[in-house]
Every structure is written in C-alpha cells, then in structure tokens.
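Notes to accompany the following structure.
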Amino acid sequence: MNIGLIAHDAKKKLMQNFCIAYKGILSKHNLSATGTTGRLVEEVTNLNIHRFLAGHLGGEQQLGAQIENNEIDLVIFLRDPLTRKNHEPDADKVMRLCDMHNIPLATNLATAELLIMALDRGDFEFREAYR
C-alpha cells in the first residue's frame, strides 16, 4: 500500500514516535511524506520515504495530486487543531480529496493506530478495486 504522512509542527514528534512504534508494519509499504515530516521520520526510523516539498511550500498540494491520481491508499495526517496555519486551505484540500476518493484518513493518533492495525491484518484489500 502507498501511505501518505503529514504532521503539523506541534505533532511532528508524535509522528516520529508513531513511526518508531509501527516501523515493522510501515516498512512493508511505500511511504510518502511532506518534506520536513519525511526527513524527521527518516532520521529516527531509517525508513525509506519519498519526500515531497515541505507542506507550506507545496508538499500538501503534491500529496493531494497523488491522491487525485489514485496513487495513495491511506493518509495519516496528525494535525494541530488548536493552531491555525497559513497554508490551512491546502491541508483542508488533502482531507477533502481523501473524502472524495475514499482514502482512509487518520487525523489523530487513535485513528492512525486503528488504521495501521487494520492495514497489518490485510483489511485494505478493498483498495485494489479502486486502482
């Protein structure tokens, strides 16, 4: 599966810890991330991650294009709901595209863990029908 990773600044450490905890599962899949998030996760996990630009420089738009082209199967977007970002419309677009294209989306740790466990069980075989 192709997994997209995004984390707002206040959630980057949480994303690193999440990826450390689930490295065994994540290593079996193709990972893409916005630039800074991808770099930080690579540093602590040594996972191979395709990095887009930093989110505020267009990385969220690049990930959105992957979603539109049916090249992403799951998105983990650990967002900071308390701090409004200048590039928030791009983040909203990613979430909207996931809804439009039936891409499972986690916006918090609890949902991310549920989706990763489902991925590990093989519950994402339905995505093959969308390709």
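The values are calculated or read from the model by the stated rules, or taken from the named source; none is laboratory data. Note that the structure is a prediction, hence the values are computed from the model and not measured. Neighbour counts run over all protein chains shown; Cβ positions are idealised from the backbone, glycine included. Note: accessible area is taken over every heavy atom of the protein model, side chains too, but ligands, DNA and RNA are not part of it. Shrake-Rupley method; radii C 1.70, N 1.55, O 1.52, S 1.80 Å.
Every condition in (1) of a type in the set (Ser, Thr, Tyr); (2) under 11 Å from the mean Cα position of the chain (by Cα); (3) at pLDDT 95 or above holds for THR34 except the one numbered (3). Residue pairs whose Cβ atoms lie under 6 Å apart, sitting 6 or more positions apart in sequence or on different chains, and linking a residue in region 115-131 that is aliphatic (A, V, I, L, M) to a partner that is assigned to a helix (DSSP H, G or I) and modelled with pLDDT of 85 or more, are ILE116/ILE25. For the residues GLU42, GLU60, the requirement of being at pLDDT 95 or above, in contact with a strand residue (DSSP E or B) (Cβ under 7 Å, 6 or more places away or on another chain) and not aromatic (Phe, Trp, Tyr) singles out GLU42.
Report, by residue number, each residue of region 82-131 that is touching a Gly at 6+ places or on another chain (Cβ under 7 Å), at pLDDT 85 or above and open to solvent by less than 50 Å² (accessible area, probe 1.4 Å). Within region 82-131, VAL94, LEU97 qualify. Just one residue in the set GLY4, GLY64 is without any contact (Cβ under 8 Å) to a residue 60 or more places away in the chain and either open to solvent by less than 50 Å² (accessible area, probe 1.4 Å) or of a type in the set (A, V, I, L, M, F, W, C) (or both); that residue is GLY64.
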